Amino acid sequence: MKTKYWLIGFAVLAVICLVCSLPLLHHETASSAEIYSDGKLIKTVSLFIDQEFTVNGHNTVTVKDGTIAVTDADCPDGYCMKRGFCSGGTDIVCLPNRLVIHFVAESDIDAVVG
């Protein structure tokens, strides 16, 4: 009889964990990205226009096929380059060079001024 309660308890716990993890699995594709350096917005780029540019002479940022990545950096750990090409989700960050690439989805836009 105790085994039955353990199985029911485990099943309930598994369902709760699954429900709580669903928001983490939601990955919204961004339409643009904001490039910040030292906390200041320096550039907003469309992820639909392929381009490559350098930020503060330290990081080379490449936009290709709806994704963006830091393809070259002079930071010691190179973590920002290890992220690879991303189309949304968490920000790409290069702490030594104080660079943040923040993804902006269509739903993040409050208003359009024309």
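The values are calculated or read from the model by the stated rules, or taken from the named source; none is laboratory data. Note that this is a predicted model, so its numbers are computed, not measured. Please note: Cβ atoms are built from the backbone with ideal geometry, for glycine as well, and neighbour counts cover all protein chains shown. In case anyone asks, the SASA skips ligands and DNA or RNA and just uses the protein heavy atoms, side chains included. Shrake-Rupley method; radii C 1.70, N 1.55, O 1.52, S 1.80 Å.
Identify all lysines with a Cα-Cα distance to residue 82 below 27 Å; exclude those on the same chain that are fewer than 8 residues away in sequence.
The qualifying lysines are 40, 43, 64.
Taking the Cα centre of the range 27-110 as origin, work out the dipole magnitude from +1 charges on Lys and Arg Cβ and -1 charges on Asp and Glu Cβ, in debye rounded to 20.
That gives the range 27-110 a dipole magnitude of about 220 debye.
By how many nm would the segment from residue 29 to residue 17 grow when fully extended, if each residue of separation counts as 0.36 nm and the alpha-carbon distance is taken off?
That works out to 1.9 nm of additional length.
Using a 1.4 Å probe on the protein heavy atoms, what percent of the accessible area of the range 1-97 belongs to carbon and sulfur?
It is 64 percent, rounded to a whole number.
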